[in-house]
Every structure is written in C-alpha cells, then in structure tokens.
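The structure is given below, and queries will be raised subsequently.
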Amino acid sequence: MEEEMSNPIVDREGCMVDAPRSGCPPVYTAADRAQVTAWACSLPVDHDVPLSPWSTTELARQLLTEGSRCRVSTVRRRVSTVRRRSQAVATSVVDLHA
C-alpha cells in the first residue's frame with residue numbers, strides 16, 4: 001500500500017488520478033444516466049403508469065421496456081443521488097431566504 005502511495009499516477013496538470021481498472025469498462029453511458037434521471041424526476045402518470053410515486057423496481061421495469069440497459073441496483077443508486085442533490089438544493093434555497 002505504501003509503495004502505491006509513493007508512486008501516484010498524475011495527469012498533465014499534476015493532479016492525482018485513479019489507476020486503470022481491470023475488468024470490463026462501465027456499460028452505462030451518460031445518456032443512460034440522463035434517461036434514469038429524467039424518468040425518476042417525472043410522475044408515473046406522465047408515462048401512463050397507475051402509481052403515485054415511482055418505486056425503484058417499477059422504474060427499472062419501465063426503463064427496460066423503453067430499451068434501457070440499467071439494472072434495478074443502478075436505478076436505485078441514481079434515484080438516491082438525485083434525491084440527495086435535490087434535498088441539498090432545497091436546503092440551500094431555504095438558507096438563502098432565511
């Protein structure tokens with residue numbers, strides 16, 4: 001571990017970067033993430049689904065019917081990220097008006 005830290009990988013600007021990963025590259029593109037975000041931010045009724053809020057399982061099922069390659073776990077992570085960011089924005093807006 002110490003040997004890895006003594007020889008960090010740096011880019012042209014001198015910033016540390018991650019080492020190349022073994023295995024397959026990620027399969028989810030920015031377009032896939034954008035599609036999950038767009039669907040997660042929409043109401044199910046907009047897509048003719050008789051639900052009140054989206055469940056991650058139902059959201060993943062609907063995305064699969066639209067041709068997305070995202071699994072339920074990916075949808076769950078993306079929805080969690082969107083919720084955290086929207087709560088952070090809402091908190092900062094409330095702080096500005098306080």
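How about the range 56-66: which of its residues are loosely packed, with under 15 Cβ neighbours inside 10 Å and either part of a loop (DSSP other than H, G, I, E, B) or hydrophobic (A, V, I, L, M, F, W, C) (or both)?
Residues of the range 56-66 loosely packed, with under 15 Cβ neighbours inside 10 Å: 57, 61, 64-66.
LEU64, GLU66, listed by residue number.
Here is a check on your reading of the model: is ARG69 in contact with a helix residue (DSSP H, G or I) (Cβ under 9 Å, 6 or more places away or on another chain), loosely packed, with under 14 Cβ neighbours inside 10 Å and either charged (D, E, K, R) or over 30 Å from ILE9 (Cα atoms) (or both)? Break it down into steps so the answer makes sense when it comes.
Numbers: in contact with a helix residue (DSSP H, G or I) (Cβ under 9 Å, 6 or more places away or on another chain): yes; loosely packed, with under 14 Cβ neighbours inside 10 Å: yes; either charged (D, E, K, R) or over 30 Å from ILE9 (Cα atoms) (or both): yes.
Criteria met by ARG69.
Evaluate the range 32-44: report whether one residue or more is over 18 Å from THR81 (Cα atoms) and in a helix (DSSP H, G or I).
yes
List pairs: first residue in the range 64-78 and free of Cβ contacts under 8 Å to residues at least 12 places away in the same chain and within 11 Å of VAL36 (Cβ to Cβ), second residue of a type in the set (Asp, Glu) and surrounded by fewer than 16 Cβ atoms within 10 Å (Cβ to Cβ) anywhere in the structure, Cβ distance under 7 angstrom, at least six positions apart or on different chains.
The qualifying pairs do not exist here.
Bear in mind these aren't lab numbers, they're just calculated from the coordinates by the rules spelled out. Since the model is a prediction, treat every value here as computed from it, not as a measurement. Note that we place each Cβ from the backbone using ideal geometry, even for glycine, and neighbour counts take in every protein chain shown.
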